[in-house]
Amino acid sequence: MQVANEVDDLDAPTPAPPHVLAIDIGGTKVAAGVVEHDGRIVAEGRIPTRGCDDGEGLFADLVDLGASVLAAAAQPVAAIGVGCGGPMSAGGAEVSPLHIPAWRSFPLRDRLAAHLDLPAFVDNDAKALALGEGWRGAAAGERNYLAMVVSTGIGAGIVLDGRLLDGEAGNAGHLGHVVVAPDGPVCACGAVGCLEAVASGRALAAELGGPPEEAPPEVRLRTGRHVGRGVAVAVNLLDLRLAVVAGSVALGFGEPFFTAANDALAAGCGLAFTQGARIVPAGLGADGPLVGAAAVGFRGLGAPGRAA
């Protein structure tokens, strides 16, 4: 199937199917919901992500969660849309999330489709967020922006000229692996000083010896500065003006985080065409991951998320 790649297609007059089963797979939790063609979530549930050594158990949990949400919604569903941490192979056929070591080249798409008897479409969770924020969130109406998740891990989806960037194997946008602290710790990817190694929830928990929400003010400000520096790289490289940021760390740290991030962004954007770039909180809030995953499903069907 030829997959539409235009964010503008979200406004196309293609008749939209009534509902999609949306699944968001993160390092901390798995969420599922049935989402209408207008972005409304009509039923949802979530479970913690299993221990990293039990890949089959995690998949069984995921299938059970999806089936229970479908039963609760009692609505016709046309497809499954999945947002999952990467990297992954083209089309999301196989996934290898850095924070789920038991899933390496795991055939998520086809196995999920077979177990739930629905066509399945899989993309990176941050790219899914970019679709959702351009559809119903803080980037609605924008043709150039990035959407970023700062949570257990860090990733981004990038939209240029109305098109969501995929890259060779669908992994475009891994902003979490831009180096922002050359003398920093080793990242899970093997490089030193990646944004994810200093600003993700997992990295902060390791540093603090406790949950990120207990981080003192100086750590919250430092985290915001790191994120601002990472966003500045993308702004300078891609001629962007808007970065929409979601995730439990960013949204949980709140205004001080966003102020520090914008200050660092401004300091890193000295070219005339980069001035005025800004970082804003995601508009979809806690619904963002599921609305984004639903947008992946609608996009895959060729009937993108917005109603005709």
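Each residue in the range 104-148 was checked for being in a helix (DSSP H, G or I) and farther than 24 Å from Gly162 by Cα, and 9 of them qualify. As a summary of the residue check, Gly91 satisfies the conditions (1) part of a helix (DSSP H, G or I); (2) at pLDDT below 95; (3) crowded, with 19+ Cβ neighbours inside 10 Å except for the one numbered (3).
When Val233 is tested against (1) at pLDDT 95 or above; (2) assigned to a loop (DSSP other than H, G, I, E, B), just one condition goes unmet, and that condition is (2). Counting only residues that are modelled with pLDDT under 95 and among the β-branched types (Val, Ile, Thr), the range 252-295 holds 1 of them. Determine, yes or no, whether Val178 is in the same structural domain as Asp239 (by TED's automatic domain parsing), at pLDDT 95 or above, within 14 Å of the chain's Cα centre (by Cα) and surrounded by 19 or more Cβ atoms within 10 Å (Cβ to Cβ). No. Is one or more of the residues making up the range 79-88 assigned to a strand (DSSP E or B), over 29 Å from His226 (Cβ atoms) and among the β-branched types (Val, Ile, Thr)? Checking the range 79-88: at least one residue is assigned to a strand (DSSP E or B), over 29 Å from His226 (Cβ atoms) and among the β-branched types (Val, Ile, Thr). Count, please, the residues in the range 236-262 that happen to be under 14 Å from Leu175 (Cα atoms), in a helix (DSSP H, G or I) and touching a residue at least 12 places away in the same chain (Cβ under 8 Å). Qualifying residue count for the region: 2.
Of these, Gly55, Gly45, which one is under 21 Å from Leu116 (Cα atoms), small (Gly, Ala, Ser) and at pLDDT 95 or above?
Values: Gly55 fails: at pLDDT 95 or above.
So the residue among Gly55, Gly45 that is under 21 Å from Leu116 (Cα atoms), small (Gly, Ala, Ser) and at pLDDT 95 or above is Gly45.
Among the residues that make up the range 132-151, is at least one of them of a type in the set (Phe, Trp, Tyr) and touching a strand residue (DSSP E or B) at 6+ places or on another chain (Cβ under 8 Å)? Lay out the reasoning, then the answer.
Going through the range 132-151, the residues of a type in the set (Phe, Trp, Tyr) turn out to be 135, 145.
This time we only want the ones that are touching a strand residue (DSSP E or B) at 6+ places or on another chain (Cβ under 8 Å), so: 145.
Yes, some residue in the range 132-151 is of a type in the set (Phe, Trp, Tyr) and touching a strand residue (DSSP E or B) at 6+ places or on another chain (Cβ under 8 Å).
When you look at Ala172, is it over 13 Å from the mean Cα position of the chain (by Cα), under 30 Å from Phe273 (Cβ atoms) and not in a helix (DSSP H, G or I), yes or no? Against the criterion (over 13 Å from the mean Cα position of the chain (by Cα), under 30 Å from Phe273 (Cβ atoms) and not in a helix (DSSP H, G or I)), Ala172 does not qualify. When the criteria are applied in full, Thr274 fails the requirement of being hydroxyl-bearing (Ser, Thr, Tyr) and either within 18 Å of Ala130 (Cβ to Cβ) or crowded, with 24+ Cβ neighbours inside 10 Å (or both). Of the residues making up the range 55-86, those that are farther than 23 Å from Arg40 by Cβ and loosely packed, with under 14 Cβ neighbours inside 10 Å are Glu56, Gly57, Ala60.
The values are calculated or read from the model by the stated rules, or taken from the named source; none is laboratory data. All values derive from a computational prediction rather than experimental measurement. Note that we place each Cβ from the backbone using ideal geometry, even for glycine, and neighbour counts take in every protein chain shown.
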